[in-house]
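Notes follow the structure.
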Amino acid sequence: MTKKSENYLILSWITSFVAMLGSLYFSEIRQFIPCTLCWYQRILMYPIVLILLVGIMKKDKNVAVYSLVFSGVGFCISAYHYLIQKVSFFQESAPSCGQIPCTGQYINWFGFVTIPFLAGTAFLMIFIFSLMALKSRKG
């Protein structure tokens, strides 16, 4: 594993760790109950923290592939979740998400930053950093 590749993986790990702490802050400190789609995003984000940490420590040059897959799927879920929050067409066809509606917005900073937006941004950053790590690794 090259130093450049390792640096991208460390950036991915920092991003995933901050995202995990952010989700725990919203649920445990602010007492926001996660909806079903939020849980799916957590299910994909939390393992990235451990997978990248172990991969970086073991100098596993393939760990970027795993974070790439998890973050790619997570981004798709976040994007869909954001669409059902912000686009009326998607809101009308949104499935029932359990006790907490997935169309609800606990935060709405600047009129567009919601929790799925934050998660999607983190997933996208991890995806890009993982892709860059893959491109910069040696054979």
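Scanning for something assigned to a loop (DSSP other than H, G, I, E, B) and either surrounded by fewer than 18 Cβ atoms within 10 Å (Cβ to Cβ) or touching a Ser or Thr at 6+ places or on another chain (Cβ under 9 Å) (or both), does the range 5-26 turn up at least one residue? Break it down into steps so the answer makes sense when it comes.
Of the residues in the range 5-26, the ones assigned to a loop (DSSP other than H, G, I, E, B) are none.
No; the residues of the range 5-26 include none that is assigned to a loop (DSSP other than H, G, I, E, B) and either surrounded by fewer than 18 Cβ atoms within 10 Å (Cβ to Cβ) or touching a Ser or Thr at 6+ places or on another chain (Cβ under 9 Å) (or both).
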The correct count of residues that are surrounded by 15 or more Cβ atoms within 10 Å (Cβ to Cβ) and over 27 Å from residue 11 (Cα atoms) in the range 106-138 is 1
Exactly one of 129, 123 is in contact with a Gly (Cβ under 9 Å, 6 or more places away or on another chain), closer than 30 Å to residue 64 by Cβ and either in contact (Cβ under 8 Å) with a residue 24 or more places away in the chain or in a helix (DSSP H, G or I) (or both), and that residue is 123
Filtering the range 101-120 down to residues that are in a helix (DSSP H, G or I) and either more than 18 Å from the chain's Cα centre (by Cα) or more than 16 Å from residue 49 (Cα to Cα) (or both) yields 115, 116, 117, 118
Counting only residues in the range 27-60 that are surrounded by 14 or more Cβ atoms within 10 Å (Cβ to Cβ) and charged (D, E, K, R), the one farthest from residue 106 (Cα to Cα) is identified as 60
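Do the conditions hold for residue 89, that is, is it of a type outside the set (S, T, N, Q), touching a Gly at 6+ places or on another chain (Cβ under 6 Å), part of a helix (DSSP H, G or I) and over 20 Å from residue 33 (Cα atoms)? Can you show your working first?
Details: of a type outside the set (S, T, N, Q): yes; touching a Gly at 6+ places or on another chain (Cβ under 6 Å): no; part of a helix (DSSP H, G or I): yes; over 20 Å from residue 33 (Cα atoms): yes.
Against the criterion (of a type outside the set (S, T, N, Q), touching a Gly at 6+ places or on another chain (Cβ under 6 Å), part of a helix (DSSP H, G or I) and over 20 Å from residue 33 (Cα atoms)), residue 89 does not qualify.
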Apart from one, (1) out of contact with any Gly (no Cβ under 8 Å at 6 or more places or on another chain); (2) touching a residue at least 40 places away in the same chain (Cβ under 8 Å) all hold for residue 29; the odd one out is (2)
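Considering only the range 40-76, state which residues are polar (S, T, N, Q) and either in a helix (DSSP H, G or I) or at pLDDT 95 or above (or both).
Taking the range 40-76 first, the residues polar (S, T, N, Q) are 41, 62, 67, 71.
Hits for the range 40-76 are 41, 67, 71.
Can you name the residue in the range 77-103 that is small (Gly, Ala, Ser) and exposed (fewer than 15 other Cβ atoms within 10 Å of the Cβ) and, of all such residues, is modelled with the highest pLDDT?
Looking at residues that are small (Gly, Ala, Ser) and exposed (fewer than 15 other Cβ atoms within 10 Å of the Cβ), I get 88.
Any chance the range 106-129 includes a residue that's of a type in the set (S, T, N, Q) and modelled with pLDDT under 95?
The answer is yes; a qualifying residue exists.
The values are calculated or read from the model by the stated rules, or taken from the named source; none is laboratory data. In this text, all values refer to a predicted model and were calculated from it rather than measured experimentally. Note that we place each Cβ from the backbone using ideal geometry, even for glycine, and neighbour counts take in every protein chain shown.
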